[in-house]
Amino acid sequence: MAVDSGEAGTRASAEGSELTVPATSASPLARVPAQALDVAAIRRDFPILSRQVNGKPLVYLDNAATGQRPLAVIEAVRRSMAEENANIHRGVHYLSEVATLEYDAVREDAREFLNAPASHEVIFVRGTTEGINLVAQSYGRSTLRPGDEILLTTMEHHSNIVPWQIVAGQTGAVVRAIPITDAGEVDLDAYRKLLSPRTRIVGVVHISNALGTINPVAEMTRLAHEVGAVVVVDGAQAAPHMAVDVQALGCDFYACSSHKMFGPTGVGMLWGRSTLLESMPPWQGGGDMIHTVSFSGTTFAPLPAKFEAGTPAIAEVIGLGAAIRYLRGVGFDAIGAWEHELLVRATEAVREVPGIRLVGTAREKAGVLAFTLAGVHPHDLGTILDADGVAIRAGHHCAQPVMERFGVHATARASFAFYNTLEEIDVLVRGLHRAREVFA
Amino acid sequence: MSRDLDDLYQSVILDHNKTPRNFRELPPPASHADGHNPLCGDRLTVWVDVDGDTVKDVTFLGNGCAISKASASMMTAAVKGKSRADAMALADEFQKLVTGKLDGAAERKALGKLQALAGVSDYPVRVKCASLAWHTLKAALAGAAEPMSTE
C-alpha cells in the first residue's frame, strides 16, 4: 500500500521508517525568524485543515481543546499499527523488539522536549489529567497529613482541582485557592501571604486554558520551595505553544497531553524529579511495573516502569514521538512569534466589535482569546460561527471558578495554533458581526 | 450537511429570548424544580401552580442560551391551563419534535407554536438546550426534590 503521497507524507516516513532512534538535533528551521514561518506549507501538513464544514472552509480555532494532527503523526500511528504492532517489553520476537525500541525511543524525545535531566523521570500517562491524579494519589496521599495545605490558583482547570480535593478528603489536608486579579493574573502578594510551613503542595497551570495567562511558574516555584512545598505544573496548554524547560522552571512535577500538542489522544507525559518519584509508592499495580511477584510479597520495577502498569498506548506514544519531532522541526521560536502575532491581531479586531468584553487580559498571554458578546449567549455564538465553518469553544471551559471570578456563566473562546492565518481571524470577526445582526 | 441558521433562530425564538414570558418566581404553595445542564452550565428554575388537576400558572427564571430561554418561555405559554396529564404528554411530544422523531404533519401540528423549535433537531448538541425546561417542568409537576439534570 502506498503511504508516501505528498511531500509531508514523505517527510513523515523519512523520519521514522528505519528501526533506529530518531535524530534529536534541532532542525535549522527552529532558527528561522517568525516572518519566515511558511504557514501555507505548514497547513499542507495537516490534512483536516483543507476540509470544509457546513460548506465553508474549516476555520479551526479550538486548539486549546485539542490540536489537529499532522501527517507525520498520522503516518507514525498507521505504521505502528499496520507494520510494527506487538506488545512491548516482553516478547523476544522481531515485532516486539521493533515496537519496544520505537516506544522506548520516544522517552528520550520527551526528555529533550521538556529538558528533563533524565529520561527515566518521564512517565507516560493517559494525559495531563492522569498525570496530576498520579501525583495526587501517590505523592499526595502518602505524604499529606491533616491540616497540611494545598494551594491552587483560581484559574486552574478542573483537572488540577478535583484530584486535590479528593486527596484532601482522604488525608485531612486542606485545599486553598490563590486569588487572581481582574486581568486574570495570579495575585502574587496574596500568594506570598498564603504560603506557610503548612503549605505542602502548590498546583499551578503554566498557561490558563480559559484566560490564556502565562503564569510566572519559576517565580512561584522559588517562593513555594522557600516554605518546603513541592510544585505541580499543569502544562497541557503550554506544551504545544512554548519551549518547556522543567529545569529552568525549577518545578517538581510537570504534566502535559499529547493531543493538545498535535499528537494522538489517550497519552501524555508526567515528568517528576527522580528523588520524589523514587520515594513515591506505585499508583496502579499490574504487569510491567514489577520486579518479582510472589504471594509472599512483590517488589517493584525501577523508574519509569514502576508507574506504567499494564500495556500502554503503544501506537499513541509512537505518534507522540512524531508530534514532538514535528514541533522541533518547526521550532518554538517561530511558533511563539507567529501565535503572538495572531493573538495581537485577533485581540485588536475582536475588541472593535461593539458589545465585546474580553475575559483574560494578562500582560503575558498565549494564543487564547476568551470573550463575551452582549446579547448573544456563547453557545448561540458557537452555533452561528459554526455555520461559517468556524470552530470555537463555548462554555465554562472546565474552569468554573474562573467563570465565577469574572461573574460570567460562560465565555466564547477562540484559541490559536501556528497553522492559523490572519484571514481566519477576519472570518471570525465577520461571524461576530453576523451574530450581532441575528440577535439585534 | 446543510443546515440553515434561519431555521434554528426563527424570529419567534429570538423574540422569546429577548422578552421571555412568565419570567418570574411564583410564591408558595407553588412547587418548583431546578434544572441544570452540567455540560454548558445552563441553570433554570421552573415554578408550577397546580389547582386540582389544572396547571394554573407556570413561570421560570434562569440563565442560558437563546434556545433554552426561548424554549422555556414558549413552554410556559403552552402549558398554562392544561391538565397535569396533558402537560406531561406535551413534554413527551416536544422531546420527539426536537429529536426529529415525530411521525407526521398532524402530530407536528398538534404542537402549535412550539413547532418553531423543530429546527433544533438538526443540531444534536443543542437538543439539551431545548429540552432542559421541559425536563424541569416534569420534575416540578412530579414535585421532585432532586435537581433535574440533562446528564
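What follows is calculated from the coordinates using simple rules that are stated; it is not laboratory data. Predicted model, so just to flag it, every value in this text is computed and none were measured. Please note: Cβ atoms are built from the backbone with ideal geometry, for glycine as well, and neighbour counts cover all protein chains shown.
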Using the membrane-span-like helix rule (whole DSSP H runs, Cα extent along the own axis of at least 30 Å, mean Kyte-Doolittle hydropathy at least -1.0), which helices of chain A qualify?
A:94-114
Within 10 Å of the Cβ of an average residue in A:380-389, the count of other chain Cβ atoms is 4
Rounded to the nearest Å, the spacing of the alpha-carbon centers of the range A:57-132 and the range A:398-429 is 29 Å
Using Cα atoms only, what is the angle between the long axis of helix B:84-98 and the major principal axis of chain B, expressed in degrees (0 to 90) to the nearest 10?
20 degrees
P(r) of the range A:220-355 over all Cα-Cα pairs, 10 Å bins starting at 0, rounded to whole percent, reads 10, 28, 30, 20, 8, 3, 1, 0
Relative to the compact-globule scaling 2.2 N^0.38 Å, provide the ratio for the alpha-carbon radius of gyration of chain B.
0.97
Would you mind computing, in nm to one decimal, how far apart the modelled labels at A:ALA190 and A:ALA86 are, each placed 7 Å from Cα along Cα→Cβ?
5.6 nm
At each listed q (0.16, 0.17, 0.27 Å⁻¹), what is the log10 of I(q)/I(0) that the Debye formula gives for the range B:39-83 modelled as equal alpha-carbon point scatterers?
-0.45, -0.49, -0.91
Give the Rg (one decimal place) followed by the Dmax (whole number) of the range A:332-438, computed from C-alpha coordinates and expressed in Å.
13.3, 41
Need one number: nm distance between label points at B:ASP4 and B:ALA142, each 7 Å from Cα along Cα→Cβ, rounded to one decimal.
3.8 nm
Filter on B:LYS18/B:LYS96; A:LYS260/B:LYS101; A:LYS56/A:LYS260; B:LYS18/B:LYS138; B:LYS18/B:LYS80 - keep pairs with C-alpha separation over 31 Å
A:LYS260/B:LYS101
Could you work out the relative contact order of the range A:97-327, using alpha carbon pairs under 8 angstrom and six or more residues apart, expressed as a whole percent?
24 percent
Taking A:LYS193 as the anchor, which lysines have their alpha carbon closer than 28 Å to its alpha carbon, excluding any fewer than eight residues away along the same chain?
A:LYS365
Kindly state, to the nearest 0.05, the FRET efficiency for A:ASP288 paired with A:ASP38, given R0 = 56 Å and r defined as their beta-carbon distance.
0.85
Debye calc, one equal point scatterer per Cα of the range A:203-273, no solvent, log10 I(q)/I(0) at q = 0.12, 0.13, 0.15, 0.16 1/Å comes to -0.30, -0.35, -0.46, -0.52
How large is Rg/Rh for the range A:97-327, to two decimals, with Cα atoms and a Kirkwood Rh?
0.97
For the protein assembly as shown, the Cα gyration tensor yields equivalent-ellipsoid semi-axes (√(5λ), largest first, whole Å) of 45, 30, 25
Could you state the angle between the C-alpha long axis of helix B:127-141 and the longest principal axis of the C-alpha atoms of chain B, as a value from 0 to 90 degrees rounded to the nearest 10?
20 degrees
Report the extension gain between A:SER296 and A:ARG345 in nm, rounded to one decimal, defined as 0.36 nm multiplied by the number of residues separating them, less their alpha carbon distance.
11.1 nm
Is any residue of the range A:188-207 close enough, with backbone N under 15 Å, to a label point placed 7 angstrom from the Cα of A:VAL174 along the Cα-Cβ axis, and if so, which?
A:193-201
Could you work out how much longer the chain between A:GLN52 and A:ASP426 gets when fully extended? Use 0.36 nm per residue separation minus the Cα distance between them, nm to one decimal.
132.9 nm
